[in-house]
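The values are calculated or read from the model by the stated rules, or taken from the named source; none is laboratory data. Model, not experiment: these values are computed from the prediction. Don't worry about glycine lacking a Cβ; one is built from the backbone with ideal geometry, like all the others, and counts go over all protein chains shown. What goes into the accessible areas is simple: the full protein's heavy atoms, side chains included, and nothing from ligands, DNA or RNA. Shrake-Rupley method; radii C 1.70, N 1.55, O 1.52, S 1.80 Å.
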Amino acid sequence: MQRKINFNAGPSELPPEVLHEASKAVKKYEKAGLSILEISHRSPEFLDILSESKLLVRELCGIGADYEVLWLHGGGRMQFCMIPMNFLSEKDSAGYIDSGHWAAEALEYATHYGDIQVLATSKEDKYSRLPHWPSAIPKQLAYVHLTTNNTISGTQWHSIPKTKTPLIADMSSDIFSRKQDYKQYAMFYAAAQKNLGAAGVALAVIHKDLLGRTARELPPMLSYKAQAKENSIVNTANVFGIYVSLLMLRWIKAKGIDAIERENNQKAKLLYDTLDNSKAFTPSVKEKSQRSLMNVCFTANSPEKEKAFLALCEENNITGIKGHRSVGGFRASIYNAVPLESVELLVKLMGEVGA
Ligand SMILES: *Cc1c(COP(=O)(O)O)cnc(C)c1O
């Protein structure tokens with residue numbers, strides 16, 4: 001069977017070079033003379049993988065030794081738990097920006113640990129737009145949590161106002177997709193399966209000032225401080241998953257963030273321009289300045305057109321184009337590794353459904 005053209009929202013497309021290197025390492029990781037699946041998490045080979053990956057994260061984000069770079073288990077949702085466990089005591093409040101499905105889930109998880117203030121929400125509009133950024137952020141908050149790209153509804157914060165309260169950002173679906181000031185965040189994190197590798201792994205980058213806080217005593221697996229002290233190997237690390245993320249980081253560095261951003265803009269512009277001029281489809285996010293460059297959501301203008309488009313996609317070996325089950329319609333996820341040619345094909349098929 002031919003390889004499919006992949007628009008999945010996550011796990012999503014990985015570059016062919018990364019898949020090639022990863023599969024070679026499963027057979028034999030040269031430096032160790034064993035499969036990467038067989039090497040110890042305490043071996044010098046894995047320690048090299050860890051240190052190179054951390055170095056690359058620092059370089060790509062332009063951050064220094066005042067941040068800790070951690071590789072953790074449990075994907076995005078485990079971070080939804082660990083953030084309030086570590087930084088929100090029962091006496092304190094944290095602010096949450098409720099801009100989408102994942103933002104709302106992060107918020108819900110945090111209610112188990114302390115007081116939560118919803119600083120802004122667009123829930124009443126089913127997250128089809130971004131909420132208004134709060135005009136004032138209460139100083140006494142332990143932190144403010146936001147989601148930079150809303151994977152399901154297809155909106156994205158293209159800039160975030162500076163604030164004195166520590167900002168914690170879920171960047172699961174847009175990390176390394178564009179130039180940005182990572183230093184404005186006290187912490188940022190990403191589940192790896194969108195722009196950074198395989199599911200299960202999470203990257204967490206935490207400023208040492210924030211890391212110094214302890215909201216409660218925690219077992220070491222759940223404590224950022226302990227994970228930092230143990231170099232992310234409190235237990236048997238996800239050696240293979242972290243290796244795939246290292247391959248992604250090398251790929252991102254070789255390509256360059258500038259070139260990646262340029263291509264991402266080009267792919268998104270092609271799709272949104274087509275949608276804005278189409279009589280057969282409608283883009284789900286009306287406000288152009290809020291549209292996601294990673295997840296392009298749209299609907300067909302009639303059930304017949306929807307069916308025709310789905311059939312065309314299937315004929316052309318396209319997968320992952322259906323919208324999230326909670327919103328329906330269509331969603332083209334065009335992360336860093338999705339080539340322009342895939343988007344060009346999609347646009348051509350949209351034209352065949354109706355100009
Ligand atoms: C995919 C996603 C998550 C969830 O990640 P899991 O690893 O499945 O827990 C969290 N936040 C955002 C923004 C996402 O896109």
field: Separation between Cα centres of the stretch 103-132 and the stretch 14-52, rounded to whole Å
entry: 39
- request: Could you sort out which of 139/164; 31/253; 229/253; 91/123; 179/253 sit more than 18 Å apart by Cα distance in this structure?
  value: 31/253; 229/253; 91/123
message: Taking the alpha-carbon distance from residue 126 and a cut-off under 27 Å, which lysines remain once sequence neighbours fewer than 8 residues away in the same chain are dropped?
response: 162, 194, 267, 269, 279, 286, 288, 305, 307, 322
- prompt: Magnitude of the Cβ-charge dipole of the chain, K/R +1 and D/E -1, about the Cα centre, nearest 20 debye?
  reply: 200
query: Given Cα pairs under 8 Å that are at least 6 residues apart, what percent is the relative contact order of the stretch 129-170?
result: 50
message: Taking R0 as 56 Å, what FRET efficiency do you get between residue 124 and residue 254 from their Cβ-Cβ distance, rounded to the nearest 0.05?
response: 0.80
query: For the stretch 2-24, list residues with backbone N below 18 Å from a point placed 7 Å from the Cα of residue 345 toward its Cβ?
result: 2-10, 12-17, 19
- request: Pop out the carbon and sulfur fraction of the accessible area of the chain as a percent, whole number, probe 1.4 Å.
  value: 53
- prompt: What shape does the chain take by its C-alpha gyration tensor, where a ≥ b ≥ c are the square roots of the eigenvalues and a/c under 1.5 counts as rounded, a/b above b/c as prolate, and the rest as oblate?
  reply: oblate
- request: Subtracting the Cα-Cα distance from 0.36 nm times the residue separation, let me have the gained length for residue 51 to residue 352 in nm, one decimal.
  value: 103.4 nm
task: Apply the Debye scattering formula to the stretch 182-221, with a single equal point scatterer on each alpha-carbon and no solvent, then give log10 I(q)/I(0) at q = 0.16, 0.36 Å⁻¹.
output: -0.55, -1.10
field: Top positive-direction residue, dipole computed over the stretch 257-354 with Cβ charges, set 290, 272, 343
entry: 290
message: Could you work out the relative contact order of the chain? I mean the mean sequence separation of Cα pairs under 8 Å and 6+ apart, divided by the number of residues, in percent.
response: 22
message: At 0.36 nm per residue, and after removing the present C-alpha to C-alpha distance, how many nm does the segment from residue 133 to residue 26 gain when stretched out fully?
response: 33.9 nm
query: Once label points are set 7 Å from the Cα along Cα→Cβ at both residue 140 and residue 319, what is their separation, rounded to one decimal in nm?
result: 5.3
query: Under 20 Å from the Cα of residue 28, which aspartates and glutamates turn up, not counting those fewer than eight places away in the same chain?
result: 17, 38, 45, 48, 52
message: Antiparallel versus total DSSP beta bridges in the chain: what percent is that, nearest 5?
response: 60
